[in-house]
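The values are calculated or read from the model by the stated rules, or taken from the named source; none is laboratory data. All values derive from a computational prediction rather than experimental measurement. Quick reminder, even Gly has a Cβ in these numbers, built from the backbone with ideal geometry, and neighbours come from all protein chains shown.
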Amino acid sequence: MKQVVAFLCLLGSFQHAVARCTVPASEFQLEGDYFIGGLFDIHQVGGPKRHDRPEAIDCSRQPLILSSYRRFQLMRFSVEEINNSTDLLPDVSLGYEMIDHCSDIENIPGALNLISVNNSIQPWVKPHKNVSKVIAVVGTYTSTETLTVAPLFMTDLIPMVTYGAASSVFSEKQNFPSLLRTVLSSRDVVEVIIAILQQFSWHWVGFLYSDNDYGKDGLQLFTDKIKNTEICLAYTIGLSHDTNYSSVFKQLMAQKVGVIAVFAPEWHAEDLIRSAIQLNVTKKVWIAGDAWSLNKRLPKEKGIQNIGTVLGVSEPKMEIPGFNDFLFSVKHLAHCENAELQMFCNQICNCSGLSAEDAIAADPSFSFPVYSAVYSIAHALHSAMQCKAGGCNGNITVYPHMVLSELKKLDFTLLNQNIQFDKNGDCMFGSYSIVFWNHRGAAQEVGFYRFHPSLEFFINVTDIQWYTKGEVPTSLCSPECPVGYKKKQDGLHKCCFICEICPHGAYINSTKDPYSCIYCKDTEWSEEGSTSCSVRTVEYLSFTDVEAVAIMFGNGAFVCLTTVVCVLFAINYNTPVVRSAGGPMCFLILGCLSLCSVSVFFYFGTPTVTSCILRSLPFLLFYTVCLACFVVRAFQIVCIFKMAAKFPKFHSWWMKYQGQWLIISAAFFTQVFLIFFGFYFAPPVPYNETVWYPDKIILSCDINLHTFWGCMIFPLILCSLCFIFSYMGKDLPKNYNEAKAITYCLFLLICTWIVFATVRILYRGKYIQVLSALAVLSSLYSFLLWYFFPKCSIIIFQPHKNTQQHFQGLIQSYTKTISQ
C-alpha cells in the first residue's frame, strides 16, 4: 500500500512540474547575422500596484493574453519564413531578441537590453559605434507602452515598427522620428465608427474609452470629428481596472443612450461586457473598436444575446499561409528546460499548457501588422545590404539609421497588399471590415471600409440580426422634427431640441441647416411649414383689363363732356347763367378738370417712376386750382348777397383789386411749392406690395407721406373753407342757390375719399388702382354733374330763366326778404 501511495505522490509531482514547464528561452531568442527586437505583451498586469521598494516585475506570473501570445509566435514564424527564403536576404540570417512587455511602466529593463551592447549602454564615442544589438524593433502593442519606451529608440534613430500603437500622436515626426507603424491610425478607426453611426442615423451616442493614452486620443479624435455632424456625445467615461460599471450603466440609462462605442483594449472590453451581462443591461447597440471586435470568448458568453446587438470594426480576416502548421510544430517540439537558460528577465512564457488549437483559435487581430512589420524590416535590410539574386554585399555594415532610411522608401507586395509608408511613418495600406456578432458566437463580416486606393464604404444591413427583430434600432435624444419644422436646441446638446414650425414666408432646408428657417426672397412665398419657396404671382392692372378699359372710357367721356360744356358756355358767355356761374372762371375750372383727368390714364400698366409721378402730380396741382376757384365762388356768393349790404367797403375793395384772382394765384403757387418740395426729397417710386398677400406681388406706387403731407393737407384746407362758405349761403334764393350746388359737390367729394380711404386700409390688391382711378374720376364728375350740368340744363331746356329780368327779380325778392 505504501508503494502505491509513493507512486501517486511521484506522479503528482511530475504533473505539477509539467504544468509549470516554461517554454525554452530559444522562443524569445534566435541567433542571426542581424537582430530584430520584439516587444509583446504576452501577459498583462492587472492594475497599478504600490511598492515600498523597487521590484522587478515577473510577467510570467501575470494573466496570459492569448491573442498577444499568438502575435508573439507570428513574429517567430515570420523570421523563420524569411530565413528559409532564397529571394529575401539570401545568405543572411535574421535573429531576434523578444521581451514579454507586460507593463506600461515597469518593463524599461527589457527595452534597455535591446539597445545595449555586451550588456552595457554607453554614449557614442564615435559615430555608429556602440549603437545597439538590434537593427530595428517590432512593437509595442499599446499606445501607452509605445509612449514609454519609444524615446529610448528615437535617440539613436533605431527603427521602431509598431503593430498596434494607433494613437495619432505617433504621426508627429519631430517627437518620433524613427517610429513607423503597420496598423492604421486611431483617426481611421474613429472615422469608420462615425461612418457606422451616420449610416444608421444614430445621433445620441455614448463613448467609453480606456483611461490611457490610446483611449484619450480616441476620445479627442471622436469629439473633433463629430463637431460638424448631427452626432452628439451623450456620455463618456474612461475605463480602468477599478471602474464602477454599475454607475456607468446607470448613467447610460439615465441619458437614454441606445448606442455605445467602446474604444478600449480587449481586457477592458471583457470587463465591460461581462458587467453588462451581470447587470442585465439590455436593448443596446455596441460598436467595438478594432482592439476587441474579433474577441473569441465574449461572443460565446452566456447571456451575450441579451445585451443587444454588437457591431465592430476589425482588420479583414487574412490567412497567413503556413502559420497554423508552424504553431503545431512549435507545440510538438516544446519541452521543459531549466529557467536558468533564459538570457534576460521576462523572457519566459509559462504557457506550455497551451495547445496549438488554442493559439489558432485566439483573436487574430493585428496578425498582418506583425507579419508586415517583420517583412518591412527584412526588405529594408535587403535594400541596405544591396542584396541581389546571388547574395548580399557582405562588405556593408548596416546600422539602424540605414534601415530607417530604407523603410521610408519601401514599396513591395505582401499577401496582395502594397506595403508603403507615408512621410509620417503611417502605413499606406490596409482596410477595415465591419463585423456583427451573430447568434452562433462568431464575428460575421457584414461590410467594409477601404481607404486605398479610394474610399469605399458598404454595410449589408440584411445580414445584421437586430435585437429589435427586424427594424434598425434608434438612438436619439429627441425624435426627428416633422417636415417643415426647425430644430430649436434644448440644453447643451444640439441633438436635444424642440420642434418649431417655420412661419409663412420662410422654409427649412434640413440638409444644410435644420436649426434655422430661411426667409424667402421678396419675389417668393411659402406656406407655413414649407421646405421650399414658390415664385410669387406678379399682379397689376394692365391697359387691356376690362376694368381699365371701362375707366378709361369713362375718363374719355368726361373729357368730351367737359369740352361740350366749354363750347356751350362759350356760346352763351354773356348770358346771366354763365356770368353767375363764374364767367371766365368757369373755363379755368373746366380746363383744370380736364387736366386732372390725365392722372387717370397712369393708374394702369407696369408702374414706373414717370407713371407714379403723373398719377398724382396733375390731380394734386390742378384740382387744387379748382378748389381754390370754388372757394372764391362760395365766398363771392356770400359777399354779394350778405357782405355787400353789411360791408359795402370790403365789397368795393374786393371788386376793385380782383381779389378772386389773387386768391387763386396764391393757392396755385403755394401748391406748386409744396409739390416741388415733396417731389424733390422723395418722389413717388414703384413699389412692390409683398406684405398683404404672401403669394402675390402687387405692383403699385409708393408715396412718402412725410414729405407729401403738405400738398395733401392744402387741398383739404381749401375744401373745408369752401364747405364753410357754401354752407353759409344755404338760405339764399332757391332758384339762385349756387352755394347749395357747391355743397352737394363737396359732399360727394368727401364721401368719395372717405370710402376710398376706408377701402385702402382694408384692401391692397391690384384693384386698389381701379378704386384710386374711380376716386379721381368721381371727384371730377362731382363738379361736372352737380355744378355745371344744372346750368347747362337751364341754358338748353329753360332759356326763359337765362334772362337778366329773371335774375334781377330773384335778387330784388331776396333783398326785400332780408331787409324786413
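Annotations for the structure displayed:
- Every test in (1) at pLDDT below 85; (2) within 54 Å of the chain's Cα centre (by Cα); (3) in the same structural domain as L410 (by TED's automatic domain parsing); (4) assigned to a loop (DSSP other than H, G, I, E, B) is passed by V125 save one, and that test is (2).
- Any hit, region 199-207, residues being closer than 30 Å to F153 by Cβ, at pLDDT 90 or above and crowded, with 24+ Cβ neighbours inside 10 Å: no
For (1) surrounded by fewer than 17 Cβ atoms within 10 Å (Cβ to Cβ); (2) among the hydrophobic types (A, V, I, L, M, F, W, C), each residue gets a yes or a no:
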site: S454; (1), (2): yes, no
site: E471; (1), (2): yes, no
site: K486; (1), (2): no, no
site: C502; (1), (2): no, yes
site: G505; (1), (2): no, no
site: T511; (1), (2): yes, no
site: S516; (1), (2): yes, no
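- Among residues of region 84-102 being more than 56 Å from the chain's Cα centre (by Cα) and part of a loop (DSSP other than H, G, I, E, B), the one that is surrounded by the most Cβ atoms within 10 Å (Cβ to Cβ) is V92.
- Number of the exception - G390 against (1) surrounded by 22 or more Cβ atoms within 10 Å (Cβ to Cβ); (2) over 23 Å from I99 (Cα atoms); (3) of a type outside the set (F, W, Y): (1)
- Matching residues in region 373-430 - criterion: being part of a loop (DSSP other than H, G, I, E, B) and in contact with a Cys (Cβ under 8 Å, 6 or more places away or on another chain): M385, Q386, N393, Q420
- Filter result (among the hydroxyl-bearing types (S, T, Y), surrounded by fewer than 24 Cβ atoms within 10 Å (Cβ to Cβ) and in a loop (DSSP other than H, G, I, E, B)) within region 132-169: S132, T155
- Restricting the search to strands (runs of 3 or more DSSP E) fully inside region 432-511 and requiring at least 2 residues that are in contact with a Gly (Cβ under 7 Å, 6 or more places away or on another chain) gives 456-459.
- Region 270-322, residues that are closer than 18 Å to A195 by Cα, surrounded by 23 or more Cβ atoms within 10 Å (Cβ to Cβ) and among the polar types (S, T, N, Q): S293, S314
- Restricting region 71-83 to residues that are in contact with a Gly (Cβ under 9 Å, 6 or more places away or on another chain) and not acidic (D, E), the residue that is surrounded by the fewest Cβ atoms within 10 Å (Cβ to Cβ) is N83.
- Some residue of region 466-489 being touching a strand residue (DSSP E or B) at 6+ places or on another chain (Cβ under 8 Å), of a type in the set (D, E) and either touching a residue at least 12 places away in the same chain (Cβ under 8 Å) or more than 28 Å from D363 (Cα to Cα) (or both): no
- Of all residues in region 729-749, those satisfying the criterion of being surrounded by fewer than 18 Cβ atoms within 10 Å (Cβ to Cβ), at pLDDT below 75 and not in a loop (DSSP other than H, G, I, E, B) are K734, N735.
- For region 103-115, the condition holds for at least one residue, the condition being that it is among the polar types (S, T, N, Q) and outside any loop (DSSP other than H, G, I, E, B).
- Residue among C517, C481, C566 that alone is within 23 Å of the chain's Cα centre (by Cα) and more than 30 Å from I196 (Cβ to Cβ): C517
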